[in-house]
Amino acid sequence: MAAISREEVAHLARLSRLAVTEEELDRFAGQLDVILQSVARVGEVAAEDIPPTSHSVPLTNVYREDVPTTSLTQDAALSGAPDAYEGRFRVPRILDEED
Amino acid sequence: MSYEEILTRYEPVIGLETHVELGTATKMFCGCKTDFGAEPNTQVCPVCLALPGALPVMNRAAIEATIRIGLALNCDIAEWCRMARKNYFYPDMPKNFQTSQYDEPLCVDGYVDVEVDGVTHRIGIERVHIEEDTGKTLHVGGATGRIHGATESLVDYNRAGIPLVEIVTKPVPGLGGLAPEIAKAYVAELRDIIRSLGVSDVRMEQGSMRCDVNTSLNRPGEEWGTRTETKNVNSLRSVERAVRSEIIRQSAILDDGGKIHQETRHFHEDRGDTSPGRSKETATDYRYFPEPDLVPIAPDPAWVATLKAALPEKPSAKRARLREEWGITELDMQSVANAGAVEIIEETIAAGASPAGARKWWMGELARRANELNVELTAVGATPAQVAALQKLVDEGKLNDKLARTVLEGVVAGEGDPAEVMAARGLEVVNDTGALTAAVDEAIAANPDIAAKIRDGKIAAAGALVGAVMKTTRGQADAKTVRELLLERLGVS
């Protein structure tokens, strides 16, 4: 059985706001399935006594002190923006589902 | 149909999610400042703008503040927990995910005791977790300035990444018709507790404390109903009104045999009711997973114990103590607490005012002014020291009540301390006996009939002459002194 369905890929594409054609859905579903099945094989060799790992470094409690550092200037902050207006990032009208 | 009648047929269950912006100097994951009101996009950096390759590091002060809030709400502190990514696509979060916590919150399983009408209700706390605030979007191009009809959005990321603590209650059943009031009292208590910790200014009107209210109805003996989540509830009064309006709205639907849809609704301050918000159908698929860029949090139990031992006095206990010290009734203390005036009155007393004097000004003139301006008492323009100084001038007889009010107007208008305003405006009570005696004699001469009556023992008539003197001295005399002087001059004292 496939690890990911075509419908799930379409759903993820929608959540990520990616326009994906019907042909691409077929292709990506197949590719993602191969990737997921390969990763799943790791689970086959993991022993019962090994807990799932989310972090590869054995560290906890890495903090910074609450001391201000220098921020970017407004010009620098907006320099990579596709569009800006009065010091703010300008983006297209947001999400149809707000209506 | 009346609200009371609805409550005979339905039982409400409520739940509250409260977001509190912490008052740390810097953001949650970077060193950008958190100052309110800065020029847009001037408190941003590669981390909070999510530029490629930027890596977050957690703010120790924010973790400490969250643990202290958890402890103050009687929670257990997790021995080990992780941050998580909450994925969603919206321009208020440049990363396209919010760094939050999911199934491993920092604090769990606490409670808050809330008193309404002398009865204590225990509100269970499900969890307290740490996350980050979003940027501010401004919708433009539409006729109303709201999102409907907007053609584009302008985004300021100064707020993005400011530490945000989310406090979630357990569902609270069994409150009946008191549910709206208890919801309000809970948020007020939460605000007082967090304020006492000094970790946030918890100003609902400025958005540093925000509330979402869940409400459902069920018929007695039946399972809990479908809940709605009301957002945009931005004042204590609105918390109460939002719950009440949802109870009324849902009961009407259920009475007609309809169904309640699980949805987000928006509260409208102006109308006092709710309207449907965005559909959650796709929005709830957040695909949480452990944040790989931040290592787990494992608070040292000794550190947690130290923080617990250093918690301040509970606001409810403090109110009881101050009520005793100030010698006022429970009702008066409640008004003081509801006005958010406990600390400021305390500070005024510490600055030398009597409890009665301090309370009089903050709960009278200044509360009225704060109401008019729609600001907190702390922003009304007078300091505890100034109010104490004002009361001192009254106690010393340099100002009478009316003049003191005028001086206070000058103080809040920024004209200086009470003594400066008094001097600059020439408002000091006329204590010059020579001048007063002249004014009194003038009044007697101008009103011989009244003076005769008083001489004949009709002391009650003295009021008219005192009034006349007050008028010629433009209110700058002490009425009691004038009266004494008048009776003395008429030989009836």
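Laboratory data are not the source of any read-out in this text; all were calculated from the coordinates shown. The structure presented is a predicted model; accordingly, all values stated were derived computationally and were not measured. With ideal geometry, Cβ positions are generated from the backbone for all residues, glycine too; neighbour counts draw on all protein chains shown.
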Open item on the list: Rounded, prolate or oblate, given the Cα gyration tensor of chain A, with a/c below 1.5 counting as rounded?
Closed with: oblate
Open item on the list: Run the helix sum for chain B: -39,500 (n - 2.57) per DSSP H stretch of 4+ residues, divided by residue count, reported at 222 nm to the nearest 500 deg cm²/dmol.
Closed with: -12000 deg cm²/dmol
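Using only the Cα atoms of the protein assembly as shown, build the gyration tensor, take square roots of its eigenvalues as a ≥ b ≥ c, and label the shape rounded, prolate or oblate: rounded if a/c is under 1.5, else prolate if a/b is larger than b/c, else oblate. Mind showing how you got there, number by number?
Working: a/c = 2.40, a/b = 2.14, b/c = 1.12.
The shape class here is prolate.
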Task: All lysines inside 21 Å of B:Lys402 as judged from Cα atoms, apart from same-chain residues fewer than 8 positions distant - done: B:Lys360, B:Lys392, B:Lys471, B:Lys480
TODO: For a label point 7 Å from the Cα of B:Glu269 along Cα→C-beta, name the residues of segment B:1-37 whose backbone N is under 19 Å from it.
DONE: B:18-21, B:36-37
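Do the alpha carbons of any pairs in B:Lys27/B:Lys231; B:Lys27/B:Lys136; B:Lys184/B:Lys308 sit beyond 19 Å of each other, and which pairs? Walk me through the numbers before you get to the answer.
On the way: B:Lys27/B:Lys231 24 Å; B:Lys27/B:Lys136 15 Å; B:Lys184/B:Lys308 27 Å.
As for pairs spanning more than 19 Å Cα to Cα, those are B:Lys27/B:Lys231; B:Lys184/B:Lys308.
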Open item on the list: Taking C-beta distances below 4.7 angstrom as the pairing criterion, name the unpartnered cysteines of chain B, in sequence order.
Closed with: B:Cys30, B:Cys32, B:Cys45, B:Cys48, B:Cys81, B:Cys211
- [ ] Would you work out the relative contact order for segment B:148-234, in percent, from Cα pairs under 8 angstrom that are 6 or more residues apart?
- [x] 16 percent
Open item on the list: With unit charges on the beta carbons (Lys and Arg positive, Asp and Glu negative) and the dipole taken about the Cα centre of segment B:33-116, which residue among B:Leu73, B:Pro105, B:Thr34 sits farthest to the positive side?
Closed with: B:Thr34
- [ ] Determine the distance separating the Cα centre of segment B:392-431 from the Cα centre of segment B:42-111; give it in Å without decimals.
- [x] 50 Å
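Within 10 Å of each candidate Cβ there may be at most 11 other Cβ atoms; applying that plus a DSSP loop requirement, which trypsin sites (Lys or Arg not before Pro) in chain A survive?
Values: sites: A:Arg6, A:Arg14, A:Arg17, A:Arg27, A:Arg41, A:Arg64, A:Arg88, A:Arg90, A:Arg93; in loops: A:Arg17, A:Arg93.
Passing both the DSSP loop test and the Cβ count: A:Arg17.
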TODO: Set Lys and Arg Cβ to +1 and Asp and Glu Cβ to -1, take the dipole of segment B:3-303 about its Cα centre, and tell me which of B:Leu55, B:Ile260, B:Met83 lies farthest positive.
DONE: B:Leu55
Open item on the list: Can you compute the modelled spin-label distance between B:Arg368 and A:Leu36, with each label point 7 Å from Cα toward Cβ, in nm?
Closed with: 6.9 nm
Task: Most positive-pole-ward Cα, B:Thr481, B:Ala439, B:Ala461, against dipole of segment B:433-489 from beta carbon charges - done: B:Ala461
Task: chain A - charge dipole about Cα centre, Lys and Arg +1 at Cβ, Asp and Glu -1, debye rounded to 20 - done: 300 debye
Task: Within 10 Å of each Cβ in A:8-16, the average number of Cβ atoms from other chains - done: 2
TODO: Go ahead and run the numbers for FRET between B:Asp109 and B:Leu138, Cβ-Cβ distance against an R0 of 51 Å, rounding to 0.05.
DONE: 0.80
Open item on the list: Assuming 0.36 nm per residue, please report the length gained on full extension of the stretch B:Glu5 to B:Ala413 beyond their Cα-Cα distance.
Closed with: 141.9 nm
TODO: Taking the Cα centre of the protein assembly as shown as origin, work out the dipole magnitude from +1 charges on Lys and Arg Cβ and -1 charges on Asp and Glu Cβ, in debye rounded to 20.
DONE: 1360 debye
Open item on the list: Only counting other Cβ atoms within 10 Å, I'd like A:Asp66, B:Asp109 sorted with the fewest neighbours first.
Closed with: B:Asp109, A:Asp66
Open item on the list: So for segment B:433-489, averaging the separation of alpha carbon pairs under 8 Å that are six or more residues apart and normalising by length, what relative contact order in percent results?
Closed with: 38 percent
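Using +1 on the beta carbon of Lys and Arg, -1 on that of Asp and Glu, and nothing else charged, what's the dipole of segment A:1-45 about the Cα centre, debye to 20?
On the way: 5 positive and 8 negative charges, 36 e Å.
Charge dipole of segment A:1-45: 180 debye, to the nearest 20.
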